[in-house]
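**Q** Attaching a single structure in structure tokens format; questions to follow.
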Amino acid sequence: MQDIEQLFENNRAWADDKRASDPAFFSRLANQQSPSYLWIGCSDSRVPANQIVGLAPGEVFVHRNVANLVVHTDLNALSVIQYAVDALKVKHILVVGHYGCGGVGAALNDTRIGLVNNWLRHVQDIRDQHAARLAEIDDPVRRHDRLCELNVMQQVVNVCQTSVLKDAWEQGQQVCVHGWIYGLCDGQLHDLGVSAGCREEALDRFRDAARP
Ligand code: CO
């Protein structure tokens, strides 16, 4: 239990520290959140949303799952997107994958893990769609990383094709969807160049970016 006790100790120290530097910090946040960003990322413990982009509590709305997927029938992800866009009026949706993603690797190599393999079927659909291009990459690490990139690009398209984004854009709401990837080895974020402010733009960008 000592490791769990430690978490409460860490929490007390963190809260004290926050209050010391900004006495109104918690009372302000308790009244309202108005983040400009929705982060859709991988559950991987090495890719914490706030820390990577230097944002404080209250500044980024977060959804994470294995391999950062946006599946059209996933009520959880769709609810997060709907609340972020309709209620919080976020300006940017960041789909953030990471190189060396274990989920993507398992999908690529048909590694048997368990229940999660069913979830990763979505990544295998992307793998199979780009099978010819992926087969041209000799280096297995690079092939894995390329599928991580393609997966992010596809999820950007998936976000752009939700009824939530369709309705928001039809009503003239300004919200941009981005595809980024994070390097575990160097801590750097990379823009995959698929940012879109409407569905057509998303499809065009995806076509160009998925080709090389
Ligand atoms: Co991952």
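**Q** Just check the range 109-204 against the gyration tensor rule for me: Cα atoms, a ≥ b ≥ c as the square roots of the eigenvalues, rounded for a/c under 1.5, and otherwise prolate or oblate depending on whether a/b exceeds b/c. If you can, show how the numbers build up before the last one.
**A** Working: a/c = 2.11, a/b = 1.65, b/c = 1.28.
Prolate, because a/c is 1.5 or more and a/b exceeds b/c.
**Q** Here's a follow-up. Helix 2-21 sits at what angle to the longest principal axis of the chain, using alpha carbons and giving 0 to 90 degrees rounded to 10?
**A** Tilt of helix 2-21: around 70 degrees.
**Q** Note the angle between two axes, namely the Cα long axis of helix 140-160 and the longest principal axis of the Cα atoms of the chain, as a number of degrees from 0 to 90, rounded to the nearest 10.
**A** With rounding to tens, the tilt is 70 degrees.
**Q** Calculate how steeply helix 199-210 sits against the longest principal axis of the alpha-carbon atoms of the chain, using the helix alpha-carbon long axis, and give the answer as 0 to 90 degrees to the nearest 10.
**A** 60
**Q** Need one word for the chain: rounded, prolate or oblate. Basis is the Cα gyration tensor (sqrt eigenvalues a ≥ b ≥ c); a/c below 1.5 gives rounded, then a/b vs b/c decides. Let's see the in-between values first.
**A** Numbers: a/c = 2.08, a/b = 1.34, b/c = 1.56.
Because a/c hits 1.5 or more and a/b fails to exceed b/c, the chain counts as oblate.
**Q** For a label point 7 Å from the Cα of N76 along Cα→C-beta, name the residues of the range 102-126 whose backbone N is under 14 Å from it.
**A** Zone members listed by number: 115-120.
**Q** Neighbour counts of other C-beta atoms within 10 Å: give me F206, F26, F61, F8 arranged from fewest to most.
**A** Numbers: F206 20, F26 13, F61 23, F8 9.
Listed from fewest to most nearby Cβ atoms, that is F8, F26, F206, F61.
**Q** Quick check on the chain: of the DSSP beta bridges with both residues there, what percent are antiparallel, nearest 5%? Numbers along the way, then the final one.
**A** Working: 4 of 22 bridges.
For the chain, the DSSP antiparallel bridge percentage is about 20.
**Q** Can you pull the three principal axis extents for the Cα set of the range 55-132, in Å, largest first?
**A** 39, 27, 26
**Q** Place +1 on the Cβ of every Lys and Arg and -1 on the Cβ of every Asp and Glu in the chain, take the dipole about the Cα centre, and give the residue among H144, I81, N11 whose Cα lies farthest towards its positive end.
**A** Final value for the positive-end residue is I81.
**Q** May I ask you to list the aspartates and glutamates whose Cα is less than 19 Å away from that of K166, ignoring any residue fewer than eight positions away on the same chain?
**A** Within the straight-line limit of under 19 Å, K166 reaches these aspartates and glutamates: D74, D86, E200, E201, D204.
**Q** Note down the nm distance, to one decimal, between modelled labels 7 Å out along Cα→Cβ at D191 and at S21.
**A** Between D191 and S21, the label points sit 2.7 nm apart.
**Q** Relative to the present Cα-Cα distance, how much length would full extension add between V116 and I137 at 0.36 nm per residue of separation? Walk me through the intermediate numbers first.
**A** On the way: separation 21, 0.36 × 21 = 7.56 nm, distance 2.63 nm.
That works out to 4.9 nm of additional length.
**Q** Take each of the peptides 112-120, 173-181, 41-49, average the number of other beta-carbon atoms within 10 Å over its residues, and list them starting from the highest. Present the calculation step by step, with values, prior to reporting the outcome.
**A** Values: 112-120: 12.6, 173-181: 20.0, 41-49: 16.3.
Ranked from most to least packed, the peptides come out as 173-181, 41-49, 112-120.
**Q** So for the range 21-133: antiparallel DSSP bridges make up what percent, rounded to the nearest 5?
**A** Looking only at bridges with both residues in the range 21-133, the antiparallel portion is about 0 percent.
Values quoted throughout were computed directly from the atomic coordinates according to the rules given, and no laboratory measurement underlies them. The structure displayed is predicted, hence computed values, not measured ones. Methodologically, a virtual Cβ is constructed for each residue, glycine included, from the backbone with ideal geometry; neighbour enumeration extends over all protein chains shown.
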